[in-house]
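The values are calculated or read from the model by the stated rules, or taken from the named source; none is laboratory data. Because the structure is a prediction, the values reported are computed rather than measured. Neighbour counts are summed over all protein chains in view; Cβ atoms, including those assigned to glycine, are modelled from backbone coordinates with ideal geometry. Accessible surface areas use protein heavy atoms only, side chains included; no ligands, DNA or RNA. Shrake-Rupley method; radii C 1.70, N 1.55, O 1.52, S 1.80 Å.
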Amino acid sequence: MWANNLLLATFIVGYAACFSSRSLTLIQPRSISSLTVQTLQIRGGSNDEEQSENINSTASIADGSDDDEDSSNSENEMQSLRKQWSISTPAVPSIEWPFRDTILRQGDALPDFDDSTNTHRTSSSEQHTKTKAMILMDGFCPYHGQYIAKAAHHIYGAAVIHVLSDFCTRYLYQVEKQTEHLSSRIPDLSNGNEVEAWMSLLPTSLDICGLYCESDSGLEDAEKLGVALGLYPRCHDGVNVARRDKFAMNDVVSKAGLDVVKQKSCQTFEEAEEFAKELGLNDDASESTDGNISDTPLAVVKPHRGVASDDVHLCSNMKALREAFAKIHSAQSLEFARGTEYAIDVVCRDGERKVAALWKYDKRPMNGAPFVYFATQLIPAASNDGEESKKDVEEAVCNYVFNALEALDIRWGLSHVEVIVTRDSKTGSIQVRLVEVNCRQHNTDFMPLTNACVGYNALDMVLAAYLGKSDESSSSHDYPEETAHLRLSWESLPILPTTRAHGAIIHFVSHVSGRISRINYEVFDQMEELPSVMDMHVYPQFLDEGNEIEKTVDIRSDTGWAHVMNDDEEEFQRDIARLIELQKEMFDVEEG
């Protein structure tokens, strides 16, 4: 058990470094002396499901995931709002300077901050020094965007320029009825004068080294903003719709010679019906009531844009296809790919790609749904020292993902890529096919697990890629000496990581539906006492008797999670099985 104790200590340190609050918090830095915080309650730790639905419904328009007419109307309305805001509240850079800038050294003058524009006027003694900076768009989450901001300040001595995408600006204004955030929005990128005015407020002492967008909703704005600011191609990938539109994404990857599922972009149900018949669907196939997927042909219908399996439908017959298409209208229809699903977090620096983490999904039929998340397991991408077994599947997955990123011309930043893997039972050949590429982080609190099991994490790799330098002594940027040990060396990171322990995220699945009559805390105690459980969390809305609970059918209807880790694989797998079994007893409900 001594090894487990060491891992536990490492894990606890990892949690101290990560910000494990479950709500998303939006920082609105108006000046160094007056930071304001606005909490957005969202699904996955929220007490307010209705607000979550408002966010999702707004996102479907703002992201362009609805039909062309609605998207056009939305853009016209957004343009009208931009004009209104430009008159009442001009967009200005919201700069958060590294905290050490407030510590006076001998002979230093007091830094001069202009609260009206939120800029730091550069003194003559500072003009020879460039301060590295990152632009952070939609930096909501304590353990994603906010971690990047804090680490950039503390570890790299860098400034952070906070901006809000059009979607988040509009949501806070129209749904939350707020106006304090308006100055932190991006400038109107279609108005050259407004972009130039915004850029003129950036101090000449800033060296912008990268742009990171936390949200899916802001990715298009992040692409366009980077080009407008001249970051492309120095530290930015430019604009490419195929990185956001899943149909175009599959098309580009296919043309690069990589395997993908069959697909068709359908504007009418008749087009979807014709494609489904090509896949073998018919009116006679019965729908599964228990979620089990047979060997009969299946089709997937989903929007061209989306996140977290929003509006993704698995159809086994024409009736289900018609119902799905009626909900989405213009849709992407795909062949359903059977196999094991993997997720790969990759960080790129000027075209050099390194895997941060490799995950294997455990999805099972449950509660009438075909694939419900039970576990997301961290696995080694390369063989550990002394292992004789070759990681042929893992190697095939990573090579495929590198080639897909190359096809999409992704050369900078963090990507979360999902693929399906099948192995021929006779020949042993491995086929990897793309599910999707997301130009953002894995949307879970992954850092404690990867810090403990791998030794580092994807977000620290992002900081090393953008803000690090192989020879810090030759840089004009003033890196803090006291945090040198916390900075990753990009050059020393392996292309494929190994693991030093077994780790996984266990998703809490609800097996009941109704009004909660009893919360079985003794079950939670049994879960926490399992040797592999390092941390666990039940979402607050499920800790009040009388609240409604539904059976879990997707990741949005989970009731919580547990982080598990162990260097003993047998005990690790035994604890996972026990956690999954105990989930059936977490809640008692009054049905009906």
Item to complete: Would you be able to tell me the number of residues in segment 399-417 that are among the polar types (S, T, N, Q) and touching a residue at least 60 places away in the same chain (Cβ under 8 Å)?
Response: 2
Worksheet item: Which of the residues spanning segment 182-212 are crowded, with 23+ Cβ neighbours inside 10 Å and in a loop (DSSP other than H, G, I, E, B)?
Response: Ile186, Pro187
Worksheet entry | Residue among Phe402, Phe446 that is within 30 Å of Ala337 (Cβ to Cβ), open to solvent by 20 Å² or more (accessible area, probe 1.4 Å) and either at pLDDT 95 or above or of a type in the set (Asp, Glu) (or both) | Phe402
Response to the item:
With the first residue restricted to segment 75-99 and required to be farther than 18 Å from Cys168 by Cβ, and the second required to be assigned to a helix (DSSP H, G or I), Cβ contacts under 6 Å at 6 or more apart or on different chains are Pro98/His153; Phe99/His153
Worksheet, complete the sentence: Per the filter on segment 546-559, residues in contact with a His (Cβ under 8 Å, 6 or more places away or on another chain), open to solvent by 50 Å² or more (accessible area, probe 1.4 Å) and at pLDDT 95 or above are Lys551
Worksheet item: Which of the residues that make up segment 213-263 are of a type in the set (Lys, Arg) and part of a loop (DSSP other than H, G, I, E, B)?
Response: Arg234, Arg244, Lys262
Worksheet entry | Residue ID - modelled with the lowest pLDDT, chosen from residues in segment 423-432 that are open to solvent by 30 Å² or more (accessible area, probe 1.4 Å) and part of a strand (DSSP E or B) | Arg423
Fill in: Unmet criterion (only one of (1) on the phi < 0 side of the Ramachandran plot; (2) surrounded by 15 or more Cβ atoms within 10 Å (Cβ to Cβ)) for Leu486
(2)
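Every residue, every condition in (1) surrounded by fewer than 18 Cβ atoms within 10 Å (Cβ to Cβ); (2) in a helix (DSSP H, G or I); (3) in contact with a Pro (Cβ under 8 Å, 6 or more places away or on another chain), yes or no:
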position: Ser476; (1), (2), (3): yes, no, no
position: Arg500; (1), (2), (3): yes, no, no
position: Ile506; (1), (2), (3): no, no, no
position: Asp525; (1), (2), (3): yes, yes, no
position: His537; (1), (2), (3): yes, no, no
position: Asp544; (1), (2), (3): yes, no, no
Worksheet item: With Val512, Val454, Val437 as the choices, which residue is crowded, with 16+ Cβ neighbours inside 10 Å and in contact with a His (Cβ under 9 Å, 6 or more places away or on another chain)?
Response: Val437
Worksheet, complete the sentence: Within segment 495-516, residues in contact with a strand residue (DSSP E or B) (Cβ under 7 Å, 6 or more places away or on another chain) and more than 26 Å from Asn367 (Cα to Cα) come out as Ile495, Leu496, Pro497, Thr499, Ala501, His502, Gly503
Worksheet item: When segment 224-270 is examined, which residues are found to be surrounded by fewer than 18 Cβ atoms within 10 Å (Cβ to Cβ) and β-branched (Val, Ile, Thr)?
Response: Val227, Val239, Val241, Val261, Thr268
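A quick yes/no check of all residues on (1) free of Cβ contacts under 8 Å to residues at least 40 places away in the same chain; (2) closer than 23 Å to Lys255 by Cβ:
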{"position": "Ala320", "(1), (2)": "yes, no"}
{"position": "Ala343", "(1), (2)": "no, no"}
{"position": "Ala369", "(1), (2)": "no, no"}
{"position": "Tyr373", "(1), (2)": "no, no"}
{"position": "Val397", "(1), (2)": "no, yes"}
{"position": "Val419", "(1), (2)": "no, yes"}
{"position": "Gly428", "(1), (2)": "yes, no"}
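Determine if segment 217-232 includes at least one residue that is closer than 30 Å to Ala337 by Cβ, in contact with an Asp or Glu (Cβ under 6 Å, 6 or more places away or on another chain) and modelled with pLDDT under 95.
yes
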Worksheet item: Do we find that Pro365 is of a type outside the set (A, V, I, L, M), surrounded by 16 or more Cβ atoms within 10 Å (Cβ to Cβ) and touching a residue at least 60 places away in the same chain (Cβ under 8 Å) in this structure?
Response: no
Worksheet item: Which condition breaks for Ala375 when tested against (1) closer than 16 Å to Ile344 by Cα; (2) outside any strand (DSSP E or B)?
Response: (2)
